[in-house]
1. Report, to the nearest 10°, how far helix 423-434 tilts away from the longest principal axis of the Cα atoms in the chain, using its own Cα long axis and a range of 0 to 90°.
2. Specify the angular offset, from 0 to 90 degrees and rounded to the nearest 10, of the alpha carbon long axis of helix 82-91 from the longest principal axis of the alpha carbons in the chain.
3. With a 10 Å cut-off between alpha carbons and a GNM built on the chain, which of A330, A68, A122 moves the most?
4. If you take every residue apart from R288 with its C-beta less than 13 Å away from the C-beta of R288, what net charge results, scoring Lys and Arg +1 and Asp and Glu -1?
5. For helix 372-391, what angle does its Cα long axis make with the longest principal axis of the chain, in degrees from 0 to 90 and rounded to 10?
6. E335 to E355: FRET efficiency via 1/(1 + (r/R0)^6), r the Cβ-Cβ distance, R0 25 Å, to the nearest 0.05?
7. Let me make sure I get this right: for region 176-274, a, b and c are the square roots of the gyration tensor eigenvalues over alpha carbons, sorted descending. Under 1.5 in a/c it's rounded, otherwise prolate if a/b > b/c, else oblate. Which is it?
8. Residue by residue, what Karplus-based ³J(HN,Hα) values in Hz, rounded to whole numbers, does region 307-323 have, using 6.51, -1.76 and 1.60 with θ = phi - 60° and x for Gly and Pro?
Amino acid sequence: MKLKALMAGIGLVLASSVVHAEEQKPNIIYIIGDGMGFEYISAYRYAMSDLDSKTIAKTEFDALLKGAATTYPDDDTWVTDSAAGATALATGVKTYNGAIGVDADKHPLQTIMEIARENGWATGSVSTSQINHATPASFFTHHPSRYEYNQIADQIATQVVEGKPSFDVMLGGGHAYFERKDKNWLDVLPEHGMQIVTDMQQLDSVNNTPVMGLFAEKGLPHAIDGNVDALATMTQTALRLLDKKQQPFALMIEGSEIDWCGHANDIACAVHEMDSLNRALKVVAEYRRNNPNTLVVMTADHSTGGLTLGRDGEYAWYSERVMAIESSIAKMSEEMLAMDAGNWPQYVADKVNFELTQEYIDELAIAAEQTGEEQEDALHQALVYITGDITGTGWTTSGHTGVDVPVFADGPYSDNFGGYMDNTDIGKALIEIVR
């Protein structure tokens, strides 16, 4: 009898241990470098390295690399947009380009964030785009068109008003969509318990959730033009607040404007956005060291721009010239259009820290002869040509490409993300964890 009792006791202890182990769900930090194909990682690594000594810089990406994923949508093409890509990553289901959290028949799909909340997890997102942009929207809302920004903002806000918010922390840009002439959600949401923060300097004083941070009218300024630590700062705040809740959490972090720089064919802009993401990864790595029961998964929704390191048959890419550029093409264009065109050549030479050839000056002169939108387009193309030519950077498109993208992972379950995957496989694997 004593032996039976002892064995029964051991059985209870083992059963209790199994239940306890099953209860210890890992935190999930899901990172998306929007538009970040492998070529962007190469560009960032070389830009941070020393060519003279051939000393290759170490980055936060290095130890995390696991494999690669395809990105194609459920559409008549192999090339996805950010909405279809993010929906696949958030739900494990392919859909059409432009779809936000809905399937090919426009029916809502449950996202990882919604499933996590059903199972008692805390949730959040951080992005350098507006919080109602394609990627964050696909994790927290459902809409047949990514371009209905006001309606998507209304969905986010209505969740709060109805007492069913899909998030605890949501930080990024998008102020213009929540404070509009037809609807001022910034007056309404605090009445329903939502803290609204519009100054990033205030984040240190935020100690409770739920909180929504809106730090720009639309997207945040490019890292090269503003605060390169903005993504890291928002990431640190989100992790601090979610950690305080003492329950498993799922956090989506997006380096949104890698894609925007790719669309603009702006290599210096892109490299600085990669640096911004790398700084956020340092924050994540520190958190995981202190909280080892945390799964980190990172990928891209697609690649953008058809970036090449080398162009026109020349076997060279000038990383030091990339890093000498002081402003994004968008910022340069904005400032140039507000000045006399006669000052353009000297302004550009100062901004790129490179003496302009007559060919470059002629490109600017052609743009100066245009007016209105034609001038804006011509000036943009002139700056793309100049910055690309002096740095040895090539671009094949102002849109997306269909190439495979990297997959990174670290922590519990990270072996599930190795080798070749489809983007839906990533979403499915993470959803399985939060169920």
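Here, each number is a calculation from the coordinates, and none is a lab measurement. No experiment lies behind these values; they were computed from the predicted model shown. Backbone-built Cβ (ideal geometry, glycine too); neighbour counts: all protein chains shown.
1. With rounding to tens, the tilt is 30 degrees.
2. 10 degrees
3. A330
4. Here the count lands on -2.
5. Relative to the chain, helix 372-391 is tipped by roughly 80 degrees.
6. Given R0 = 25 Å and the Cβ-Cβ separation, E is 0.80.
7. Here region 176-274 falls in the oblate category.
8. Per-residue couplings from phi come out as 4, 10, 9, x, 7, 6, x, 8, 8, 7, 9, 9, 5, 5, 6, 4, 6 Hz.
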